[in-house]
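Read through the structure below, which is laid out as structure tokens, and then see the notes.
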Amino acid sequence: MIVHFLNLDILLGILGGGIYSSVALGTPLPFSWWFVVPGATWCLYTADRLIDTRRSNNGYPTLRHQFHSRYRKSLTFGVVAVGAASAIVGVFTLPWESLFVAALVSILFGLHHVFQRMIGSRWLGAIKDVNVALAYIVAVWSVPLILADGIPTIAIGAITAHITMVAATIVLESLPDKVIDESLDQPSIARLLGEAGTRWFLFISIVTLVLCTWLLRTTMLWPVSLAWVACILSLPLVLRSQLSMPYKRLLIELTLALPIAIKL
């Protein structure tokens, strides 16, 4: 459970994404990438959740928010330390284009919180889920795409599969909190889509991943894509199980770490 509370499942997902993107594009990643990008992504996610906790004034009844509230000082110190180290190493070792992209994503997150505070619309918060997906995808693919000599046709299927699964995990993660979000009038993708919209979204995700699996059939990535299909089919059942919520979220997040199995 502590893996989820500390957002280490996010970190594992980024590591899995790095392996996946490197194989898809045939581009070895710089050694520093494996510290800078997971570290920076962890900082972004943790900072975002610390801000959410502060805004909710401990009124949001989830164990994750309670954990971030209880250990706010320690987590803030971790964000500052890891963020500074990631920035310093990244500036000296990664392509400058990737640093520019990272800055844009960080600014996007910052502007979102500023506008939400100024405008005061709760539904503006639902846009954050889109920002989260964008940040995750940029973290995984920006450096590999910058370093790649070109984009093979087969890589388009791999990129599409990964983007689809990232979006699906965000939708799946919002489902368990739908009742809580409604009672507190908190925005979420699950509330925006509704039950019918969520079912259609997951159905389209499955169809997309099946097509991507067929496109990737001659590569070592097709088992990952096929496993993601199985995850989308089975995770709704997990969400209805008696597992505690942190474990459910952990299982959802770890689906993005499945490419690590390629290296095992």
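Quick one: in the range 149-161, which of the residues that are small (Gly, Ala, Ser) and under 23 Å from the mean Cα position of the chain (by Cα) is surrounded by the most Cβ atoms within 10 Å (Cβ to Cβ)? It would help to see each step written out before you state the result.
Step one: filter the range 149-161 for residues small (Gly, Ala, Ser), giving 150, 155, 157-158, 161.
Still in the running and under 23 Å from the mean Cα position of the chain (by Cα): 155, 157-158, 161.
Details: 155: 24, 157: 24, 158: 24, 161: 28.
Filtering first and then ranking leaves 161.
Just one of 209, 251, 233 is more than 16 Å from residue 13 (Cβ to Cβ), in a helix (DSSP H, G or I) and modelled with pLDDT under 95; which is it? Break it down stepwise before answering.
Values: 209 fails: modelled with pLDDT under 95; 251 fails: more than 16 Å from residue 13 (Cβ to Cβ).
Of the residues listed, the single one that is more than 16 Å from residue 13 (Cβ to Cβ), in a helix (DSSP H, G or I) and modelled with pLDDT under 95 is 233.
Quickly run through the range 146-167 and pick out the residues that are over 22 Å from residue 254 (Cα atoms) and not in a loop (DSSP other than H, G, I, E, B). Walk me through it before giving the result.
In the first step, residues of the range 146-167 are kept if they are over 22 Å from residue 254 (Cα atoms); the result is 146-156.
Result: 146, 147, 153, 154, 155, 156.
State whether the residues of the range 28-40 include one that is in contact with a Lys or Arg (Cβ under 9 Å, 6 or more places away or on another chain) and either β-branched (Val, Ile, Thr) or at pLDDT 90 or above (or both).
As a first pass, look at the range 28-40 and keep what is in contact with a Lys or Arg (Cβ under 9 Å, 6 or more places away or on another chain): none.
The answer is no; no qualifying residue exists.
Which of (1) modelled with pLDDT of 90 or more; (2) within 19 Å of residue 141 (Cβ to Cβ) is the odd one out, the single condition residue 8 does not satisfy?
Here residue 8 clears every test but (2).
For the range 99-134, how many residues meet the condition of being buried (at least 19 other Cβ atoms within 10 Å of the Cβ) and either within 19 Å of residue 28 (Cα to Cα) or at pLDDT 85 or above (or both)?
The total comes to 0.
Out of the residues in the range 21-34 that are among the polar types (S, T, N, Q) and in a helix (DSSP H, G or I), state the one that is nearest to residue 256 (Cα to Cα).
Initially, the range 21-34 is screened for residues among the polar types (S, T, N, Q), giving 21-22, 27, 32.
Adding the requirement that they be in a helix (DSSP H, G or I) leaves 21-22.
Numbers: 21: 12, 22: 15 Å.
Among them, the one singled out is 21.
Are any residues in the range 83-98 surrounded by 15 or more Cβ atoms within 10 Å (Cβ to Cβ) and within 16 Å of residue 42 (Cα to Cα), and if so, which ones? Don't jump to the end; show me each part of the working.
Pass one, the range 83-98, residues surrounded by 15 or more Cβ atoms within 10 Å (Cβ to Cβ): 83, 85-87, 89-90, 94, 98.
Correct list: 83, 85, 86, 87, 89, 90.
Given the criteria outside any helix (DSSP H, G or I), in contact (Cβ under 8 Å) with a residue 24 or more places away in the chain and surrounded by fewer than 20 Cβ atoms within 10 Å (Cβ to Cβ), does residue 170 qualify? Walk me through it before giving the result.
Values: outside any helix (DSSP H, G or I): no; in contact (Cβ under 8 Å) with a residue 24 or more places away in the chain: yes; surrounded by fewer than 20 Cβ atoms within 10 Å (Cβ to Cβ): yes.
No, not satisfied.
Scanning for something part of a helix (DSSP H, G or I), touching a Lys or Arg at 6+ places or on another chain (Cβ under 9 Å), under 18 Å from residue 262 (Cβ atoms) and not aromatic (Phe, Trp, Tyr), does the range 11-20 turn up at least one residue?
For the range 11-20, residues part of a helix (DSSP H, G or I), touching a Lys or Arg at 6+ places or on another chain (Cβ under 9 Å), under 18 Å from residue 262 (Cβ atoms) and not aromatic (Phe, Trp, Tyr): present.
Starting from residues that are in contact with a Gly (Cβ under 9 Å, 6 or more places away or on another chain) and either among the β-branched types (Val, Ile, Thr) or surrounded by fewer than 18 Cβ atoms within 10 Å (Cβ to Cβ) (or both), keep the ones in the range 36-51 and report whichever is farthest from residue 134 (Cα to Cα).
Just the residues of the range 36-51 that are in contact with a Gly (Cβ under 9 Å, 6 or more places away or on another chain), to begin with: 36-44, 46-47.
Of the ones still in play, those that are also either among the β-branched types (Val, Ile, Thr) or surrounded by fewer than 18 Cβ atoms within 10 Å (Cβ to Cβ) (or both) are 36-37, 41, 46.
Values: 36: 18, 37: 14, 41: 12, 46: 16 Å.
Among them, the one singled out is 36.
Among the residues of the range 201-224, is there at least one that is within 20 Å of the chain's Cα centre (by Cα), surrounded by 17 or more Cβ atoms within 10 Å (Cβ to Cβ), among the small types (Gly, Ala, Ser) and within 14 Å of residue 169 (Cβ to Cβ)?
Checked against the condition, which is being within 20 Å of the chain's Cα centre (by Cα), surrounded by 17 or more Cβ atoms within 10 Å (Cβ to Cβ), among the small types (Gly, Ala, Ser) and within 14 Å of residue 169 (Cβ to Cβ), the range 201-224 yields at least one hit.
Any residue in the range 193-206 that is closer than 21 Å to residue 10 by Cβ and modelled with pLDDT of 90 or more? Step through it out loud before you land on a result.
Pass one, the range 193-206, residues closer than 21 Å to residue 10 by Cβ: 205.
Narrowing the set further to residues that are modelled with pLDDT of 90 or more leaves 205.
Taking every residue of the range 193-206 in turn, at least one turns out to be closer than 21 Å to residue 10 by Cβ and modelled with pLDDT of 90 or more.
Which pairs turn up if I take residues in the range 231-247 that are closer than 24 Å to residue 162 by Cβ and look for partners that are surrounded by 15 or more Cβ atoms within 10 Å (Cβ to Cβ) and among the charged types (D, E, K, R) with beta carbon separation below 7 Å, at least 6 apart in sequence or on another chain?
Once the first residue is closer than 24 Å to residue 162 by Cβ and sits in the range 231-247, its partners that are surrounded by 15 or more Cβ atoms within 10 Å (Cβ to Cβ) and among the charged types (D, E, K, R) give 238/248; 239/248.
Among all residue pairs at least 6 apart or on different chains, which show Cβ distances below 7 Å where the first residue, located in the range 78-101, is of a type in the set (Asp, Glu) and the second is part of a helix (DSSP H, G or I)?
From the range 78-101, the pairs are 97/146.
The values are calculated or read from the model by the stated rules, or taken from the named source; none is laboratory data. Values in this document were obtained by computation on a predicted structure and should not be read as measured data. Neighbour counts are summed over all protein chains in view; Cβ atoms, including those assigned to glycine, are modelled from backbone coordinates with ideal geometry.
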